[in-house]
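These notes concern the structure reproduced below.
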């Protein structure tokens, strides 16, 4: 009996230790900062982490300030990326980026940064009512028909120039996007057989769908399977007067960004992230088309592609 009680205590202690480790965040590891230069560096990393979270994580986990994933260490984030299927597309995030995301999720770091910024610009915050109103503003997510149009614009050649490769792409778009009404939203279209499944499935196809993990899983799969077809890579690059042999220069990457996200102002950090993907592929011995394939895949998986 005493031996059993001893083992039970050990199990409890191990469980408590594991739970405590899961909640470890960065604030306890950052020494107090009094130097302006170091503080400005922390502010820059914190803001970069917020941008990275918004671009890579917000579609599934909500806004960086309201997500239930706050106060996660870089190790927690990396473990989630490699163990959760819908997050594996983030494996390319560098240790520096993961660290910055962890900073952005840390409540104490947030307070430290906000206090520092207030000391430099003591402008009073907006009243609580306005804070609440702004927090309720959410981007409108496109239905499957919006995604159908987007994917065709990106990856399918003009009708007069289409090949068998384009037919394969169109079939993928229909199977993975158009026929997924319950997950991706949008009304039923009987005339093109976009109403598969039961009546309940089609009745649940939302007119204004919400971002969630299931939806993200479908769009990620569509990106991967469509870009696995060489013609889709060639078509996307041709739309901005590039080929697979074109260099991944800042100018060329900017053209591709504008193709995927027309009218959006992109940052130097965003351009550099795609350049790093392309260079990483080259360093691993990949050929021209595969280097561009994975570069385009990074853009295709962005949640911004789904926002109206």
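What residue, of 256, 233, 240, 244, is assigned to a loop (DSSP other than H, G, I, E, B), at pLDDT 90 or above, in the same structural domain as residue 176 (by TED's automatic domain parsing) and under 21 Å from residue 173 (Cβ atoms)?
Within the list 256, 233, 240, 244, the selection yields 240.
Of the numbered conditions (1) touching a helix residue (DSSP H, G or I) at 6+ places or on another chain (Cβ under 6 Å); (2) in a helix (DSSP H, G or I), residue 266 satisfies every one except a single condition; which is it?
Here residue 266 meets the rest and fails (2).
Out of all the residues in region 76-96, which are touching a helix residue (DSSP H, G or I) at 6+ places or on another chain (Cβ under 6 Å) and in contact (Cβ under 8 Å) with a residue 60 or more places away in the chain?
If the condition is that a residue be touching a helix residue (DSSP H, G or I) at 6+ places or on another chain (Cβ under 6 Å) and in contact (Cβ under 8 Å) with a residue 60 or more places away in the chain, then 86, 89 are the ones that fit.
Say whether the condition of being outside any helix (DSSP H, G or I) and within 18 Å of the chain's Cα centre (by Cα) is met by at least one residue in region 290-302.
There is at least one residue in region 290-302 that is outside any helix (DSSP H, G or I) and within 18 Å of the chain's Cα centre (by Cα).
The values are calculated or read from the model by the stated rules, or taken from the named source; none is laboratory data. Please read all numbers here as calculations on a predicted model, not as lab measurements. For neighbour counting, all protein chains shown are included, and Cβ atoms are generated from backbone atoms with ideal geometry for every residue, glycine included.
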